[in-house]
Structures are given as C-alpha cells and as structure tokens.
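**Q** Mind having a look at this structure? Questions to follow.
The values are calculated or read from the model by the stated rules, or taken from the named source; none is laboratory data. Given the structure is predicted, the values throughout are model-derived calculations rather than measurements. Backbone-built Cβ (ideal geometry, glycine too); neighbour counts: all protein chains shown. Heads up: the accessible areas ignore ligands, DNA and RNA and are worked out on the full protein's heavy atoms, side chains in. Shrake-Rupley method; radii C 1.70, N 1.55, O 1.52, S 1.80 Å.
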Amino acid sequence: MSNFSGFSRRAPLQSSVPRGDVLGRYASYTDAQAVINQLAKAEFDIKGVAIVGRELTTVEVITARLSYGRAALSGATSGAWLGLFFGLISTIISPFTTQQIGIFFAAIVAGAGIGMIFGVVNYSIMRKRRDYAATSQLLADHYDIIIAPGLTAKAHTILGTAASAQGVHSAPHVPTPTEAPTSTETVGSSDTVGSDADSADSARSDDAAK
C-alpha cells in the first residue's frame, strides 16, 4: 500500500522494521494516513515517519464464477477499450472525414473481437486450476505510526493527543544500579548506650525501694 508521487524521490527500501516511539495505533490504514496528513498540514517534519502494519493477513474475496460467456464478455470489453484508444489516435493524426469515422468504429469492433478470442483462450487454459474470479488484498490487524523519539512530544501537541507511557519499539529502560553505601552508619549509637544506662539506673532504684 505504498503511494509514490512524481514530485518526490522514491525512498530506499527498508531492510528492517523502523524503530522509534509509537505515536498512535489505528485500526485502518486510512486512519493512520489521515494523521500523517494532519501533521504535514501543520508544517511538521514528517520525513522518516513510518506506518507499520501489524499481524498481516491475506484476504481473497471471490467476485464471480467464471464461464466461457463471462470470459468472452470481459475480453471483448477490454479489447473494445483498446480499439477505442487506437481509433482516437488515428482520428487525431488524420483529417476528419467519413472514411475516418468508419476506421474509428472498425477499430473498436476489431479490438472487441480480438479481446473476446483472447479471453476465451485464456479461460480455457486457466479453468482447470481456477474457475472463479477473485481480488486479493494484504491487510493488517492494526497500524502503528513510528516516529523519532525527539519529535514525539511535538507531534502529540499538534494532534492534541496524550503520549503513551511506553512505545512498542522503544528501547527497554535499564535502571541504574543502586550504589552500596561506602561508610557505616553510626548515627544513634550514643542514644542506644544512653537508653541502656537509664534502664540500669531504674532497675537499681527499684531494688533499693524494695
């Protein structure tokens, strides 16, 4: 589902899944694409931002059962469009006359006839392996927008969303080991000695009273 524009150079192919912060998770590619468009309209630097599909699934939807009649009709239609194209070309490069109109319609009829023949022949070859027409599509369960960590806060500000606590592709946080104390704590030792002395004095005073 890659879209390329004639006004930009084609990006190099990725050898690995892009890493960074997950700006958001979306149920459809259209929703993720709308977020990128919103960032672009806000003059945000979207270069390097990636849409990553997760849990890819191939979906094939059966559209029709094929037959010789359907194959012939489909081939004739395709051939007629091709004949129409060549007829228009011949009309443009030649002066407009009655004979030229006849050539125009003859090109359409000839294209439809040739397309019908090719459609029937192709169906007779393919029907042993596949006797139906279908459309195939590659879909994902959800789509993540991966962005550079330094741009995450700015992007959330533009979108008006809250940053997630942890991104799927963020590097795991390694806590710094707690340093062991280098000196022995002696605070309170004098208080302990004093409390022991007070206890001994109170015991002696009790004995004298007895």
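**Q** Among the residues of region 99-147, count how many are among the small types (Gly, Ala, Ser) and buried (at least 16 other Cβ atoms within 10 Å of the Cβ).
**A** So the answer is 7.
**Q** Restricting the search to region 79-98, which residues are touching a residue at least 24 places away in the same chain (Cβ under 8 Å), more than 38 Å from the chain's Cα centre (by Cα) and open to solvent by 70 Å² or more (accessible area, probe 1.4 Å)?
**A** Answer for region 79-98, where residues must be touching a residue at least 24 places away in the same chain (Cβ under 8 Å), more than 38 Å from the chain's Cα centre (by Cα) and open to solvent by 70 Å² or more (accessible area, probe 1.4 Å): just PHE86.
**Q** Sticking with this structure for a sec: Would you check if THR63 is open to solvent by 50 Å² or more (accessible area, probe 1.4 Å) and under 30 Å from ALA27 (Cβ atoms)?
**A** Yes: the conditions hold for THR63.
**Q** Name the residues in region 66-78 that are surrounded by 12 or more Cβ atoms within 10 Å (Cβ to Cβ) and more than 37 Å from the chain's Cα centre (by Cα), would you?
**A** SER67, TYR68, ALA72, LEU73, ALA76
**Q** Name the one entry in ALA133, ALA110, ALA76, ALA140 that is assigned to a strand (DSSP E or B), more than 30 Å from VAL49 (Cα to Cα) and out of contact with any Phe, Trp or Tyr (no Cβ under 7 Å at 6 or more places or on another chain).
**A** Only one candidate passes the filter, namely ALA133.
**Q** Could you please find all residues in region 37-65 being basic (Lys, Arg) and in contact with a strand residue (DSSP E or B) (Cβ under 9 Å, 6 or more places away or on another chain)?
**A** Within region 37-65, ARG54, ARG65 qualify.
**Q** Also: Please go through region 118-161 and give me each residue that is farther than 30 Å from THR58 by Cα and in contact with a helix residue (DSSP H, G or I) (Cβ under 7 Å, 6 or more places away or on another chain), ordered by number.
**A** Answer for region 118-161, where residues must be farther than 30 Å from THR58 by Cα and in contact with a helix residue (DSSP H, G or I) (Cβ under 7 Å, 6 or more places away or on another chain): ALA155, ILE158, LEU159.
**Q** While we're here: Being at pLDDT 85 or above, among the small types (Gly, Ala, Ser) and under 30 Å from PHE44 (Cβ atoms) narrows it down to one of GLY111, GLY150, GLY115, GLY83, so name that one.
**A** GLY150
**Q** What number goes with the only condition from (1) at pLDDT below 90; (2) open to solvent by less than 40 Å² (accessible area, probe 1.4 Å) that GLU43 does not pass?
**A** Failed condition: (2).
**Q** Does TYR26 count as over 17 Å from the mean Cα position of the chain (by Cα) and at pLDDT 85 or above?
**A** no
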